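Some notes on the structure that comes next.
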Amino acid sequence: MARIAGVDLPRDKRVEVALTYIYGVGLTRAKTILTKSGVNPDVRVKDLDDGDVQKLRSALEAFTIEGDLRRQEGMALKRLQDIGCLRGRRHRMSLPVRGQRTRTNARTRRGSRKTVAGKKK
């Protein structure tokens with residue numbers, strides 16, 4: 001099992017897809033890493049030898065991934081919240097940040113519905 005950047009890559013997947021299990025690496029960046037390191041994207045992770053894994057690790061050092069990237073994103077959100085801008089307040093209140101409507105939609109951000117009983121007369 002190949003372990004790169006603190007992540008165990010799935011053994012039976014192609015290297016191109018397996019690299020996307022690393023936080024901060026999508027399919028486009030995985031292809032870039034593979035061309036830079038010279039590793040065949042069609043080979044399975046279980047068939048990689050130690051030299052290929054080492055090449056992938058060295059190619060990944062050029063990018064911000066995993067813990068460093070999570071920390072950067074968290075600091076950016078914390079900065080927005082600290083200065084009290086609209087985006088920061090919306091993040092703090094768990095509401096949509098980019099101007100979407102909230103009267104009917106935004107279930108993912110706001111959570112499940114809470115039914116309110118009818119008002120007695």
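Only the coordinates and a few stated rules stand behind these numbers; no lab work does. Since we're looking at a predicted model, the values are computed, not measured.
Every Cα-Cα pair of region 3-60 was included, and the share exceeding 19 Å stands at 9 percent.
Here residue 55 is the anchor, and the lysines within straight C-alpha reach of less than 29 Å, apart from those fewer than 8 places off in the same chain, are 13, 31, 36, 46. Under 5 Å between amide hydrogens, which residues at least 5 positions from residue 4 or on another chain qualify, with H placed 1.01 Å from N in the peptide plane? HN-HN under 5 Å from residue 4: 9. To the nearest ten degrees, helix 50-60 and the longest principal axis of the Cα atoms of the chain are 40 degrees apart. Computed from phi, the 3J(HN,Hα) profile of region 92-98 under the Karplus parametrisation 6.51, -1.76, 1.60 (θ = phi - 60°) reads 4, 8, 6, 10, x, 9, 9 Hz, with x in place of Gly and Pro.
Computed from Cα positions, the angle between helix 66-83 and the longest principal axis of the chain comes to roughly 30 degrees.
With respect to the chain, whose longest principal axis is taken over its alpha-carbon atoms, helix 27-37 is tilted by about 20°.
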